[in-house]
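Trainee: The structure's right below; bear with me while I get my questions together.
No value in this document is a laboratory result; all are computed from the given coordinates. Here the structure is a predicted model, which means the values were calculated and not measured. Virtual Cβ from ideal backbone geometry, glycine too; neighbours counted across all protein chains shown.
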Amino acid sequence: MDLGLKDKVALVTGGSRGLGRAICLGLAAEGAKVIVHYGRNQEAAAEVVEKIRAMGSEAVSLQANLEDREAVRALIPRAIEAFGHLDILVNNAAVWPTAWVKDMDEDHWRRTIEINLTAPFIFCRDMVNHLLQRGVRGKILNITSQAAFHGSTTGHADYAASKAGLVTFTRSLAREVARAGINVNTLAPGIVETDLIKPALEKNRQKYLDRIPLGRIATPEEVAAVAVFLVSELASYITGATIDVSGGMLMH
């Protein structure tokens, strides 16, 4: 099935590992050119770029600290410079620190909101302006979480709040830009086998498995397959939606 992604240019934040890595590789498999954003792990990002090039697609990696407003504001222009334009933005990068609200200091809260919500807002704003200036259609996908709807019971209230904000922001933006042919959606994974949650799974895997109706933890690749579809031409009549890929945790 042709998803209409050949030669489209996509920026994936947090693309060097986990779900972001799987999305980058999934897009490349469909012929897209991919910009792999990373925060710290240059080696991992380079490995993703190498894999994409081995698949016959083009790729570059770009570093940016998502706590640094200047770096965040510069990322979309740098991505555009890499291939001349952008067609697709996937806001995947996120942090998942642990602290109960009673113990959470303001810097902990600020960092989570800055990376998980403020940076995606800036990227979305700049991406929309780029598409409007070009007069073309485009796709934006924001990765949220089932926690946006259920809240957190494991000391991640800041994460849940940031992801809930991203859902409502996405719906609002989708309404603003729909007539311009810009699709804006969210993808809500449940528990995915990534580095982000690895320490928690090692500590008590069964606790997390018990929360999943399908009884297993998702692979990054099966969640990425849905993400790739949502930024494809076949999903052009979907906007403002939150797609549940949580193994039944959300059933939204």
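Trainee: Compute the helix-to-body angle for 198-209: its Cα long axis versus the longest principal axis of the chain, expressed 0 to 90° and rounded to tens.
Mentor: Between the helix axis and the principal axis of the chain, the angle is about 70 degrees.
Trainee: Give the span of the chain's Cα atoms along each principal axis, as three whole-Å numbers ordered largest to smallest.
Mentor: That gives 47, 37, 35 Å along the principal axes, largest extent first.
Trainee: While we're on this one: Could you tell me the distance between the Cα centroids of segment 1-64 and segment 192-249, to the nearest Å?
Mentor: 19 Å
Trainee: Further question: Please determine, in degrees from 0 to 90 and to the nearest 10, the orientation of helix 18-29 with respect to the longest principal axis defined by the Cα atoms of the chain, where the helix direction is its Cα long axis.
Mentor: Taking the Cα atoms of the chain, the angle to 18-29 is about 30 degrees.
Trainee: Moving to a separate point now. What are the residues whose amide H is under 5 Å from the amide H of ALA59, where those residues sit 5 or more places off or on another chain and H is modelled from the backbone?
Mentor: Here VAL34 satisfy the definition.
Trainee: How large is the charge dipole for segment 1-129, taken about the Cα centre, if only the Cβ atoms of Lys, Arg (+1) and Asp, Glu (-1) carry charge, to the nearest 20 debye?
Mentor: 160 debye
Trainee: Further question: Starting from one equal scatterer on each C-alpha and no solvent at all, send me the Debye-based log10 I(q)/I(0) for segment 193-242 at q = 0.18, 0.24 Å⁻¹, two decimals.
Mentor: Taken in order of the listed q values, log10 I(q)/I(0) reads -0.72, -0.91.
Trainee: For a quick check: sort HIS156, HIS37 by the number of other beta carbons within 10 angstrom, fewest at the front. Show your work: numbers first, answer last.
Mentor: On the way: HIS156 22, HIS37 26.
So the residues, fewest neighbours to most, are HIS156, HIS37.
Trainee: Collect residues whose amide H, placed 1.01 Å from N in the peptide plane, falls under 5 Å from the amide H of GLY240; neighbours closer than 5 in sequence don't count.
Mentor: For GLY240, the qualifying residues are VAL184, ASN185.
Trainee: So if I take the alpha carbon set of segment 71-137, get Rg, then get Rh from the Kirkwood formula, what is the Rg over Rh ratio?
Mentor: Rg/Rh for segment 71-137 comes to 1.12.
Trainee: Return the Cα extents of segment 153-240 along principal axes one, two and three, sorted largest first, each rounded to a whole Å.
Mentor: 47, 27, 22
Trainee: With charges set only on the Cβ (+1 for Lys and Arg, -1 for Asp and Glu), what does the dipole of the chain come to about its Cα centre, in debye to the nearest 20?
Mentor: Using Cβ point charges on Lys, Arg, Asp and Glu, the chain gives about 380 debye.
Trainee: To the nearest 20 debye, what charge dipole does segment 160-245 have about its Cα centre, counting +1 at the Cβ of each Lys and Arg and -1 at the Cβ of each Asp and Glu?
Mentor: 340 debye
Trainee: Read phi for every residue in segment 64-81 and hand back ³J(HN,Hα) as whole Hz from Karplus 6.51 cos²θ - 1.76 cosθ + 1.60, θ = phi - 60°, with x for Gly and Pro.
Mentor: 7, 7, 6, 8, 9, 4, 5, 5, 5, 5, 7, 5, 4, x, 5, 5, 4, 4
Trainee: Using the per-residue mean of other Cβ atoms lying within 10 Å as a proxy for protection, in what order, highest first, do the peptides 90-99, 12-21, 198-207 fall?
Mentor: On the way: 90-99: 21.6, 12-21: 27.1, 198-207: 11.2.
The most tightly packed comes first, giving 12-21, 90-99, 198-207.
Trainee: Still on this structure, please answer the following. Among TRP109, TRP100, which comes first, then next, by fewest other beta-carbon atoms within 10 Å?
Mentor: If I rank by nearby Cβ atoms, fewest first, I get TRP100, TRP109.
Trainee: Here's something else I'd like to know. To the nearest 10 degrees, how steep is helix 119-134 against the longest Cα principal axis of the chain, on a 0 to 90 scale?
Mentor: 20 degrees
Trainee: Okay, next question. Okay, helix-only estimate at 222 nm for the chain: each DSSP H run of n ≥ 4 adds -39500 (n - 2.57), divide by all residues, round to 500 deg cm²/dmol; what do you get?
Mentor: Calculated from helices alone, the mean residue ellipticity at 222 nm is -14000 deg cm²/dmol.
Trainee: Just tell me which lysines come within less than 16 Å, Cα to Cα, of LYS8; anything on the same chain fewer than 8 places away is out.
Mentor: Correct list for LYS8: LYS33, LYS139.
Trainee: What is the packing order of peptides 175-184, 218-227, taking the mean over residues of other C-beta atoms within 10 Å and listing the highest first?
Mentor: Packing order, densest peptide first, comes out as 218-227, 175-184.
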